[in-house]
1. When a footprinting reagent is the concern and you count Cβ atoms within 10 Å, what order do His539, His452 take, fewest first?
2. Taking θ = phi - 60°, what integer Hz values does the Karplus form 6.51 cos²θ - 1.76 cosθ + 1.60 yield along the stretch 644-660, in sequence order, with x for Gly and Pro?
3. Calculate log10 I(q)/I(0) of the stretch 358-679 for q = 0.09, 0.11, 0.15 Å⁻¹, where I(q) comes from the Debye formula with a single equal point scatterer on each Cα and nothing for solvent.
4. What order do you get for Arg519, Arg308, Arg570 when you list them from fewest to most C-beta neighbours inside 10 Å?
5. List the relative contact order of the stretch 358-679 as a percent without decimals, with contacts defined as Cα pairs under 8 Å and 6+ residues apart.
6. Let me spell out the model: positive unit charges on the Cβ of Lys and Arg, negative unit charges on the Cβ of Asp and Glu, origin at the Cα centre of the stretch 47-227. What dipole size does that give, in debye rounded to 20?
7. What's the lysine pair count for the stretch 47-227 at a Cα cut-off below 20 Å, pairs eight or more apart or interchain?
8. Exactly which chymotrypsin sites (Phe, Trp or Tyr not before Pro) in the stretch 180-223 are in a DSSP loop and have at most 15 other Cβ atoms within 10 Å?
Amino acid sequence: MLRPTHSSGNRNLWSTCAALPALWVGLFASLIIQSGCMDSNSFPLQETMQLGGNWQLLNDSLGSVAAEIPGTVHTDLLAAGLIHNPFNASQERELRWIESETFEYRCLFEVNAEQLEHRAADLVFDGIDTHADIYLNGHHIRRTSNMFRSYRIPVRKLIREGTNELKVVFEPLQKVFEHVYDSLDYVYPADNDSLKLAPWVRKAAYHFGWDWAPRLVTRGIWKPVRLEFRSKGMLKESHYRLISINDSLAEVQVCALVMAFRNGTFTLHFNHKEHEVALPAGTHWLCDTLRIQNPKRWWPRGYGEAHRYPLEIKLGYRGMTQDSIHLNMGLRTVELVNEPDSIGTSFYFKINGTPVFAKGANYVPQDVFLPRVKDADYRNLLKAAADAHMNMLRVWGGGVYERDIFYELCDSLGIMVWQDFMFAGTMYPGSADFLQNAQLEASQQVNRLRKHPSVVLWCGNNEIEVAWRNWGWQERYGYTEAHQQQLWANYERIFHQLLPDIVAENDPETPYVPSTPQRNWGTAENFNHGSMHYWGVWHGRDPISAYERNVGRFMVEYGMQSYPDIETLRPYIPDERMFIGSPAFTDRQKSYIGNAELRWHMEALREKPASVEEFIEASQRVQTHALTTAIHAHMAAKGHCMGTLFWQLNDCWPGASWSVIDYHGRKKPAYQAVQKAFSEEYRHPQPATH
């Protein structure tokens, strides 16, 4: 019999779960996934009410319009005809007023007497963007402050039979943080955000603008919301851990976090093996050990099959299923070798003990308005990555932790994921409230994503440490010695203490690094050490040929900008304004050196475009040449270099960027060049010897 371990909070399941009686799993076990409800003639043990319809968006000036959930304020106003498409011409600037308005989402829903028979009722928001007050039937039930967290709110005592009213009120971020500006005598170095709000808000940084993204600061209920009714118990979480593996046997610890709403005897199924356990009311980790004969390992693309084993966990009570979770287990080990060697400092991954050369790209969110991204968009984009022979994507730290489907597809396609935590391009506060918010965010995301074999690295942030040491923030922002000490203490508290502690506690098998890159590209010696973002070709005005001599140990970022196909731009720029130098065309360019830098590289290749069509095509030829040159240099460097991730795979809007696939999914010529370069028959390079 399984023995429960009581859990009152977020504790390390591996330290609280002992090895328990083993469940033997056949290689071809068949599973039946049940609905989790009793038959239609019985009282349901659980019920979920999706609250996606019957919403209104209200504003004092605009009145009330129909709202779509999941959604955003911008897209609801667009659907109502109250604003023009934010991507049109110069609408980005015209719509800045939306940031300064208060908006309210309101929903009416019905609850019947049978639903009120349940012991528990939780209101669940999978994602709210970002600062909002939630009211149910006139009662204030929650203040939210993090786009990256989900919120589960007990509401059994507040819901009533008949009509219920749910309100979510979003205030302007400027108003939320106005007290901060009054209390500080310095600002945080958020170069992307003119108002310097981004460091304080746990929200996607690219929404405040980046050198490939417009400033469109969204708000709204951006993920599903639902009302869950439960009577006996539920599965809150599940995970598995590879204990040992060889060619003949794998041992896997599987665990489920069970919430019992009453004292009772429950059944827990791990696949087709049933355990009976008496549980007091409360939350408990229950674990078992699976033994798999002649196991197949999960391998990244190009190294073997990305094999996975199905696992179904079911919770029952008196013969009726209460809840179920389905996982696909990938059995693999991962090691980041980041240590002194004969060249300098290595940086490469071992999967199942085998050194892997990483080929891939940096991934950014697929839209400014995230609820518009559909499952088909994920399938198409990740298939394109796989078709281009990529075996790694980096989820960049200025975007979002992606939806489950992204990681499930990477699991199935053998695409490794370098996962940044969502911190990028600025220093961050160190207040108790901010740290607690970040801790809850990171714990939720690590616990959600640790079950995916594709996730092979947790990285604390994007470019903060290299910026602090090399970009002159101290002088540019006039920081005193006391300011600098405080900002750096905040940095160490988050990236050298809080985040690594969370990873060590909840996902100890996956490596963690505090920041990327580990070295700056300013000196030749730095290319012998650790991870590298090489932007000499672009920000440093180096010629494209410089890629051949500037090869780091692991190239995490490098790239060349181009414009998307003119057919991608036509829906947003009228024909009479589609010319080089027009404000509408210029607004597509967000880089501070942008078009001038492109022209410089065009001239080096003897390109002399006269029309906008020729300019676009020339920019794409420059990008193709740059990526081909860089990738050939990286792959030819063998053991010196063990990874090449170009910037960037995709776009969030129709504009100039470093992507090889544009906002509408059109592949630029550079995509075919990358596909060819990654497919060429280089021997799998071995790292330098120690």
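No lab work stands behind these numbers, since they all come straight from the coordinates. None of these values were measured; they are calculated from a predicted model. Ideal geometry is used to build each Cβ from the backbone, glycine not excepted, and the neighbour counts take in all protein chains shown.
1. Numbers: His539 14, His452 20.
So the residues, fewest neighbours to most, are His539, His452.
2. 3J(HN,Hα) across the stretch 644-660, in whole Hz: 9, 10, 7, 9, 9, 6, 9, 10, 9, 6, x, x, 5, 6, 9, 6, 9.
3. Per q value, in the given order, log10 I(q)/I(0) is -0.48, -0.73, -1.32.
4. Working: Arg519 23, Arg308 17, Arg570 12.
Final ranking by Cβ density, sparse to dense: Arg570, Arg308, Arg519.
5. Working: 567 pairs, mean separation 68.2, N = 322.
It comes to 21 percent, rounded to a whole number.
6. Numbers: 20 positive and 25 negative charges, 91 e Å.
The calculated dipole for the stretch 47-227 is roughly 440 debye.
7. Values: Lys157/Lys167; Lys167/Lys175; Lys167/Lys223; Lys175/Lys196; Lys175/Lys203; Lys203/Lys223.
For the stretch 47-227, qualifying lysine pairs total 6.
8. On the way: sites: Tyr181, Tyr186, Trp200, Tyr206, Phe208, Trp210, Trp212, Trp222; in loops: Tyr186, Trp212, Trp222.
Taking the stretch 180-223 and a limit of 15 other Cβ atoms within 10 Å, the loop chymotrypsin sites (Phe, Trp or Tyr not before Pro) found are Tyr186.
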